1. What helices in the chain pass both tests, a Cα length along the helix axis of 24 Å or more and a mean Kyte hydropathy of -0.5 or higher, using whole DSSP H runs?
2. Considering only DSSP states other than H, G, I, E and B, which chymotrypsin sites (Phe, Trp or Tyr not before Pro) in region 364-451 qualify as loop sites with at most 16 other Cβ atoms within 10 Å?
3. If you average 1/r over all unlike Cα pairs in region 166-299 and invert the result, what Kirkwood radius do you get in angstrom?
4. Tell me which trypsin sites (Lys or Arg not before Pro) from region 125-211 have a DSSP coil assignment and no more than 15 other beta carbons within 10 Å of their own.
5. Taking a ≥ b ≥ c as the square roots of the Cα gyration tensor eigenvalues, with a/c under 1.5 meaning rounded and otherwise prolate when a/b beats b/c, else oblate, which class fits region 357-424?
6. Looking at Pro188, Ser251, Leu213, which one has the Cα that reaches farthest to the positive end of the dipole of region 160-265 (charges on Cβ: Lys, Arg +1; Asp, Glu -1)?
7. Looking at Val377, Thr403, Ala330, which one has the Cα that reaches farthest to the positive end of the dipole of region 326-427 (charges on Cβ: Lys, Arg +1; Asp, Glu -1)?
8. Could you sort Asp328, Asp442 by accessible area so the largest value comes first, with the probe set to 1.4 Å?
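The values are calculated or read from the model by the stated rules, or taken from the named source; none is laboratory data. Owing to the predicted nature of the structure, the values given are computational and were not obtained by experimental measurement. Every residue, glycine among them, receives a Cβ derived from its backbone with ideal geometry; neighbour counts consider all protein chains shown. Protein only, heavy atoms only, side chains kept; ligands, DNA and RNA dropped before computing areas. Shrake-Rupley method; radii C 1.70, N 1.55, O 1.52, S 1.80 Å.
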Amino acid sequence: MHHRVVWIGLGVAWLVALYGTPTRSALAEQAEEVAPGLRVGDYLDQSNAHLAKDLLPPEILKHYEKGEYRNRIVAYPVGTAKWERSFLEATEKNATTLDVDERGTIIEKATGKQPDFYYGIPFPNIDPKDPKAGVKIVWNQFLAYWYGGSSYNRTLVAMLSRRGLDRGIVADGWFQFYDGVPPKYRQPNPNRLQSQFLGVTKSPADLQGTSSLTWRFRDPQKRDSVWAYVPALRRVRAVSPANRSDGYLGSDISGDDGFFFDGKPEDFEFKLVGKRDALRIVDPNAVSGPIPITPVPGGGWNIVTDLNPPTAGFWLPGWKGVPWAPTDSALAKRPMWIVEAVPRDKYYLYGRIELWIDAETWDGAWNRKFSWNGELVHNYQMQARVNHMAGDPKDPEWLPASTIIWACAENIKLDRATLGGLRSDPQAPTYRRVPLDPSLFDPMTLTRYGK
């Protein structure tokens with residue numbers, strides 16, 4: 001408990017130092033109504049959860065009704081999103097030059113061909129009557145995420161049941177994005193890739209050195225290439241890309257979860273269900289003021305501060321809710337597009353996926369998965385990514401930053417969850433726009449991580 005008090009004390013001092021005491025306008029903003037009887041500044045909990053019945057997925061609302069989640073409501077107003085000048089200029093151009101074909105691939109209107117490079121939001125103006133609106137929104141969420149650039153992270157994957165932590169896995173992850181990144185960060189792309197991902201397990205001992213490598217191609221007809229290395233076998237093996245809906249190392253986070261939804265758009269049929277206001281999980285510090293982004297030696301930015309308090313119930317002595325509850329996060333009301341995705345592969349684990357995507361930032365909030373017979377079985381819950389300024393204020397970079405990280409893959413049927421993205425310690429690297437050696441993603445070098 002003392003550890004938590006220290007973190008909270010440091011957090012209050014740090015925020016006051018950055019922003020000063022609340023102003024009259026800030027206090028007035030706290031009176032904003034998000035639903036009848038529910039205002040910014042209130043805590044959503046068992047006593048008032050019924051007031052948010054139209055703002056949350058039913059299975060999430062149930063957590064508040066049972067006292068299993070409890071979070072403060074904060075302001076995250078529309079119109080506060082920040083992007084770099086080059087990104088905004090590209091977005092403006094894309095609005096009149098890009099479309100999607102029947103398969104769902106982004107194409108140039110003038111040529112009918114795939115552009116050599118994607119950058120900016122491809123479809124900023126969504127027409128709800130457009131039959132292609134669903135896939136366009138999904139492409140927007142991809143480009144909004146890729147904009148943050150390539151990354152290196154060391155994270156704790158926490159596998160939880162009602163009892164608490166069943167298993168913790170510490171893993172390194174490297175992501176290389178070839179599309180969507182600002183011009184100064186573009187890399188040569190002779191293999192016409194969209195992205196590469198390498199994940200290497202550091203602990204526990206029985207998994208140490210286990211690694212997985214994925215190449216995703218820009219070609220809509222070309223399947224991902226996936227390789228795995230298991231130290232006990234001492235061999236690199238090509239594996240099927242068809243099981244991206246399966247859990248990672250026994251967890252409830254799948255390959256197609258990723259940063260929110262990472263399925264290849266051409267592998268699904270999308271339909272826009274509608275638009276609504278909804279509450280989503282946010283870092284209260286990220287939506288209330290600037291987060292310091294520090295340079296990484298050799299290039300890139302460290303986007304998570306060391307003000308990193310406990311972020312889930314299983315870390316808190318005496319917590320009465322579910323162990324995976326987002327205890328230090330907050331809720332904020334945002335406009336959401338609701339998109340339905342149906343996999344073309346009838347052997348895919350889920351028969352339907354429902355995506356709630358922020359209508360301004362294109363940042364995913366709730367990813368609801370249903371079985372082929374229509375039963376809800378899974379919910380992937382994401383904390384908002386909020387862009388903050390880095391570098392020279394005269395020509396700034398804007399990229400997502402936070403003080404806490406929380407992403408929850410909840411298995412509704414088995415009453416358990418996996419938290420991903422947690423920092424394994426307060427100084428664990430969380431880097432974006434960091435230069436990555438191409439040899440990291442060479443399948444034949446996977447063996448080096450098992451030694």
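1. Within the chain the helices that satisfy the rule are 2-19.
2. Trp372
3. That comes to 18.0 Å for region 166-299.
4. Here the trypsin sites (Lys or Arg not before Pro) that fit, given the DSSP loop and packing criteria, are Lys129, Arg162, Arg163, Arg186, Arg192.
5. Cα axes put region 357-424 in the oblate bin.
6. Positive-end residue among those listed: Pro188.
7. Final value for the positive-end residue is Val377.
8. Asp442, Asp328
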